[in-house]
Amino acid sequence: MTDNPFFAPWDTPFELPPFARIIPEHFPPAFDRGMAEQAAAIAAIAGSPADFANTIEALERSGGLLRRVGRVFHNLTSSATTAALDRIDRDYAPKLAAHRIKIMLDPALFARIDTLWRERDRLGLMTDQRRLLERHHLNFVRSGALLDPAQKARMAEISERLATLHTLFGQNVLHDEDEWRLVLNEAELDGLPDFARSAAAAAARERGLDGRYVITLARASVEPFLGFSARRDLRQAAYEAWAARGTHPERDNAPLIGEIVALRAEQARLLGYENFAAYRLDDTMAKTPAAAEALLSQVWEPAKRKAAAERAELAAAARADGLNEPIAPWDWRYYAEKVRQAKYAIDEAAVKPYFALDNMVEAAFAAAGHLFGLRFVERHDCPTYHPDVRAYEVRDRAGQPVGLFLHDNFARPGKRSGAWMSSYREQQSLDGEVLPVVVNNNNFSKGDPTLLSFDDAHTLFHEFGHGLHGLLSRVRYPSQSGTSVRRDFVEFPSQVFEHWLEVPETLRRYARHYRTGEPLPEALLQRLLAAANFNRGFATVEYAACAMLDLDLHSRADPGRLDIAAYEKEFVARIGMPPEIGLRHRPAHFQHLFAGGGYAAGYYAYLWAEVLDADGFAAFTEKGDPFDPALAARLQAIYRAGDTADPMELYRAFRGRAPEIAPLLKQRGLAA
Ligand SMILES: [Zn+2]
């Protein structure tokens, strides 16, 4: 196939993929050639003696085509998938896993890395090189490089099978999210404010149901519905469909989970660990499951107490509303909204007009400008995979380009739920400076204009914080770029950036009424900030329970074929989960854990990083200036460093000391 765009250079801005010319049939041959090229490059790693350049740098240079194809493919299957792409994904996930593990288990390659690693003190390496060598060595060992041939064969088998299971898991969830819709007519919109009606009308139009209203299982659609619909029967239907994702008989994720958990435990045993959580956390900031559990247990009981107090307030509101039953999970958000209105005089529907998407994007750009000197200039000449995607060239203080930022903000069929950052090209300078191409995906309900909740605005800033981690990266080696840091550190740059949404400078300037341009009234702003801890008991419980479940599930030495439904029931009873609060992610759709391995035994990372972000932002509060230039420069060093240094060293260099937990407890309203 000579016209395959992957086999020619791209002369687009920032070498963006020429999306319009790429068809699904281009991927299989491109993957095949990418794998073959990398295998040849690895086989050619030779020369004696082994040195850093002919081994580690050669390894870093290998796989360029494969990375290029893989990035385009995985971004498309996440943001704009089709049945054809899904089929290729099922076909290639195990092939790609087999290719990767073959490299990691290559005895000749490992022997060279091992030789260098043993001599690392005598090689005269720079600090980034030394860390790169140590990380590669550790990755090979953790992949099974020290095992005997029979064990290696089993490791490879498991990796391939896991790749297939992860792919099927994610596809099942996306299928359920795309399939289900609640189609309503005008008379069934009782309680829904304008923004929710207009979003539901837009979702209906998109599905060819003009004149009707559609609620989908995208968080940005179903959560407002649960918060406002006065129809308890419809709330229950929507909640139950949302909670049932991944459990339908023809696409049931339960057997997949059982197999995934058993295979992970087996891999951990092969590598000499007691269980998967111990294996996974050995290479994190937390180091041990016990350390992560200790942090979770510090918030769990206070969070439950706070949630119980919240429930009492909701129950009173429900009784006043004529509800004579206990609060159910599909009632919580509805009565929380009522209590919030009564207690803080905050009406979500009155707040939203001040949080138009475009204004909040500008606010995020402005904060990045104020802190790090970045400027975002929209470009209209960039190819994209969907007309809703916007492209911005990012420039530094001197006006020099530092990268390209793509913003894909709206929910739509074929796009997986949640919000995430990824990239089409990573910053590195091994053979000349390569500028990053970063993408942020959100799942906001498109409206005219699109109005965000305060939570949505937080999500926007969160993903933008990850985006900055990719854009500000200044490293030499590809595998140290941007967000390639330990999983329980990667949420620090994203979460700490959320704080700049809440600084008065941002809200006063950018939270303006979309129609009148009036700033958010000062009294409303103060009430909004005062309500920051409202419902935080609920939010902490629904999150922390999932993080504990993740660690518990992955701490089993030999889980056998787990009955995940029975396990879930037993687990929530064991931890005393309040019955009116559902898990934020039930196992059957817990994509962090099962649609890939990245956050398996790692969902605690958000809370771990929150210790850092609360403590880190407190440094600015102590200075009395959220944009203190000296602190901002020290913070920027973390965004620049990628994985060139140990995360705790990076944090200490920024903060001048180790992190403390007190600001987190205060931030979550859990301080004694
Ligand atoms: Zn994140």
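The values are calculated or read from the model by the stated rules, or taken from the named source; none is laboratory data. Treat the numbers as computed from the prediction; the structure is a model and nothing was measured. Note that we place each Cβ from the backbone using ideal geometry, even for glycine, and neighbour counts take in every protein chain shown. What goes into the accessible areas is simple: the full protein's heavy atoms, side chains included, and nothing from ligands, DNA or RNA. Shrake-Rupley method; radii C 1.70, N 1.55, O 1.52, S 1.80 Å.
So the values come out like this:
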{"quantity": "Integer Hz, Karplus 6.51/-1.76/1.60 couplings in order for the stretch 478-494, x for Gly and Pro", "calculated": "x, 6, 9, 6, x, 7, 6, 10, 4, 4, 8, 10, 5, 7, 5, x, 7"}
{"quantity": "Antiparallel DSSP beta bridges within the stretch 361-441, as percent of all bridges there, nearest 5", "calculated": "75"}
{"quantity": "Percent accessible area from carbon and sulfur atoms, the stretch 515-660, protein chains only, probe 1.4 Å", "calculated": "54"}
{"quantity": "Between helix 149-179 and the chain: long-axis angle, C-alpha atoms, 0 to 90°, nearest 10", "calculated": "30"}
{"quantity": "Area accessible to solvent at residue 611, 1.4 Å probe radius, in Å²", "calculated": "20"}
{"quantity": "Gyration tensor verdict on the stretch 357-433 (Cα atoms; rounded if a/c is under 1.5, prolate if a/b is larger than b/c, oblate otherwise)", "calculated": "oblate"}
{"quantity": "Phi to ³J(HN,Hα) by Karplus 6.51 cos²θ - 1.76 cosθ + 1.60 over the stretch 457-462, Hz, x for Gly, Pro", "calculated": "4, 4, 4, 4, 5, 4"}
{"quantity": "Accessible surface of residue 458 - all protein chains present, 1.4 Å probe, nearest 10 Å²", "calculated": "30"}
{"quantity": "Qualifying GluC sites (Glu not before Pro) for the stretch 274-373 [loop in DSSP, other Cβ within 10 Å: at most 16]", "calculated": "274"}
{"quantity": "Overall Cα dimensions of the stretch 88-181, principal axis frame, Å, largest first", "calculated": "63, 33, 18"}
{"quantity": "Apportionment of accessible area to carbon and sulfur, the stretch 163-253, percent (1.4 Å)", "calculated": "47"}
{"quantity": "Loop-located chymotrypsin sites (Phe, Trp or Tyr not before Pro) in the stretch 145-223 whose Cβ has at most 12 other Cβ within 10 Å (DSSP)", "calculated": "none"}
{"quantity": "Approximate spin-label separation residue 522-residue 377, in nm, with each point projected 7 Å along Cα-to-Cβ", "calculated": "3.8"}
{"quantity": "Extension gain from residue 569 to residue 130, taking 0.36 nm per residue of separation minus the Cα-Cα distance", "calculated": "153.3 nm"}
{"quantity": "Heavy-atom accessible area per residue - the chain, 1.4 Å, Å²", "calculated": "40"}
{"quantity": "Rounded, prolate or oblate (a/c below 1.5 giving rounded, otherwise prolate when a/b exceeds b/c) for the stretch 610-672 by Cα gyration tensor", "calculated": "oblate"}
{"quantity": "Carbon/sulfur fraction of accessible area - the stretch 50-126, other protein chains in place, 1.4 Å, %", "calculated": "55"}
{"quantity": "Among the listed pairs 95/569; 415/666; 338/569; 95/287; 352/446, those beyond 24 Å (Cα-Cα)", "calculated": "95/569; 415/666; 338/569; 95/287"}
{"quantity": "Sparse-neighbour loop sites [GluC sites (Glu not before Pro); the stretch 375-484; at most 15 other C-beta within 10 Å; DSSP]", "calculated": "433"}
{"quantity": "Folded to 0 to 90 degrees: helix 536-553 orientation relative to the chain principal axis, Cα", "calculated": "40"}
{"quantity": "Nonlocal amide H pairs with residue 379, under 5 Å, H built at 1.01 Å", "calculated": "391, 392, 393"}
{"quantity": "Shape of the stretch 468-624, Cα gyration tensor, a/c cut at 1.5", "calculated": "oblate"}
{"quantity": "Extension gain from residue 398 to residue 343, taking 0.36 nm per residue of separation minus the Cα-Cα distance", "calculated": "15.0 nm"}
{"quantity": "On Cα atoms only, tilt of 232-243 relative to the major axis of the chain in degrees", "calculated": "10"}
